[in-house]
Amino acid sequence: MTRQSLLQGGLGGAPTTAASPHDLSAARRHQLFVPAGLGTEPAPLLVMLHGGTQSAADFAAGTRMNELAERHGFLVVYPEQSREANQGGYWNWFSPADQGPDAGEPAIIAAITRAVMGDVAVDPSRVYVAGLSAGGAMAAVMAATHPELYAAVAVHSGLGYRAARDVGSAFGAMRSGGSPEPIGTVPLLVIHGDADTVVAPVNAERLIASRLAAGDVTEHGRPSRHDRVTRTEHRTADDTLAAVSLIVRDGGHAWFGGSPAGSYTDPGGPDSSTEIVTFLSQHRLHNR
């Protein structure tokens with residue numbers, strides 16, 4: 001048996017003036033999954049950002065992330081974009097108003113993260129963020145703007161930080177990768193299909209390059225191929241995984257290994273949720 005709570009606030013834009021984490025977190029609905037067998041010890045927390053046209057419940061069903069949370073004992077929170085903020089339900093990763101730490105959607109998502117940390121026992125060194133498509137692009141924004149909060153990030157079929165500055169350049173970046181800015185030193189996992197016709201696979205290359213721009217990587221592994229996946233690892237001098245790319249052969253714009261109960265899923269491998277949990281769990285905030 002599992003327990004879910006839907007924490008619901010107003011769906012309008014977030015205030016840009018000073019507010020408590022709980023006040024700001026009410027600017028978006030968010031669904032929190034708490035495993036039934038969770039003990040009293042602080043647990044890891046994963047923030048999952050859905051793609052366009054999706055809801056929190058849809059994303060949870062398609063990724064099966066709650067099943068892994070139940071198995072491994074971590075919390076998952078699913079912030080949900082409002083249709084007032086974006087008609088299609090896309091996170092506004094391309095808007096300058098939503099690309100900084102102190103206002104807009106990054107501030108809202110960070111506030112939701114902190115509100116959960118205040119309400120439930122969370123290990124502050126094991127807080128992570130991941131997302132799909134527009135949610136993946138927003139996950140990159142969160143890593144760049146809140147490195148003090150997130151120990152690692154996973155971007156699935158997404159785009160780099162500030163790869164676009166308006167709607168027009170967003171569509172251009174989806175085709176060309178744009179010119180994203182450095183993401184900082186937050187460890188990064190990128191998963192992308194090489195046949196993605198919605199967000200071109202060049203975006204995966206640009207994302208990895210934006211992480212390598214930090215200059216702390218000293219070892220670049222050779223690409224290794226297994227089944228559908230080409231995996232490339234980049235490590236720091238202390239052998240920490242700084243960046244990993246998983247490029248899926250013939251993969252489209254979908255969450256690999258996902259359930260048909262949710263949208264934008266591909267039941268074929270790899271199992272993206274397992275790959276993400278495995279990568280993220282290797283990192284702690286205090287180790288960076």
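Any read-out appearing in this document is the output of simple, stated calculations on the displayed coordinates, not a laboratory observation. What you see is a predicted model; the values in this text were computed from it and never measured. Glycine gets a Cβ as well: all are built from the backbone with ideal geometry, and neighbour counts include every protein chain shown.
Among DSSP bridges having both ends in the chain, what percentage is antiparallel? Round to the nearest 5.
Numbers: 22 of 48 bridges.
Antiparallel bridges: around 45 percent, rounded to the nearest 5.
Sort the following peptides by mean Cβ neighbour count (other Cβ atoms within 10 Å, averaged over residues), highest first: 153-160, 273-280. Mind dumping the intermediate values first?
Details: 153-160: 31.9, 273-280: 21.0.
The peptides rank, most packed first, as 153-160, 273-280.
Can you give the helix-only mean residue ellipticity at 222 nm for the chain, where every DSSP H stretch with n ≥ 4 adds -39500 (n - 2.57) and the sum goes over all residues, rounded to the nearest 500 deg cm²/dmol?
Values: 8 runs with 79 residues, N = 288.
Roughly -8000 deg cm²/dmol at 222 nm, from the helical runs in the chain.
Could you work out the local net charge near residue 29, counting Lys and Arg as +1, Asp and Glu as -1, over the other residues with Cβ closer than 14 Å to its Cβ? Each step should come with its number before you reach the end.
Values: positive: 28, 83; negative: 58, 80, 84, 105.
That works out to -2.
Roughly what % antiparallel, to the nearest 5, for the DSSP beta bridges in the stretch 137-288? Show your work: numbers first, answer last.
On the way: 13 of 25 bridges.
Around 50 percent of the beta bridges assigned by DSSP in the stretch 137-288 are antiparallel ones.
Can you tell me, using C-alpha contacts under 8 Å and at least 6 residues apart, the relative contact order of the chain as a whole percent? Don't skip to the answer; put the middle values down first.
On the way: 754 pairs, mean separation 47.9, N = 288.
About 17 percent, as a whole number.
Among 130, 140, 237, whose mean-square fluctuation peaks in a Gaussian network model of the chain (Cα, cutoff 10 Å)?
Most flexible of the set in this elastic network: 237.
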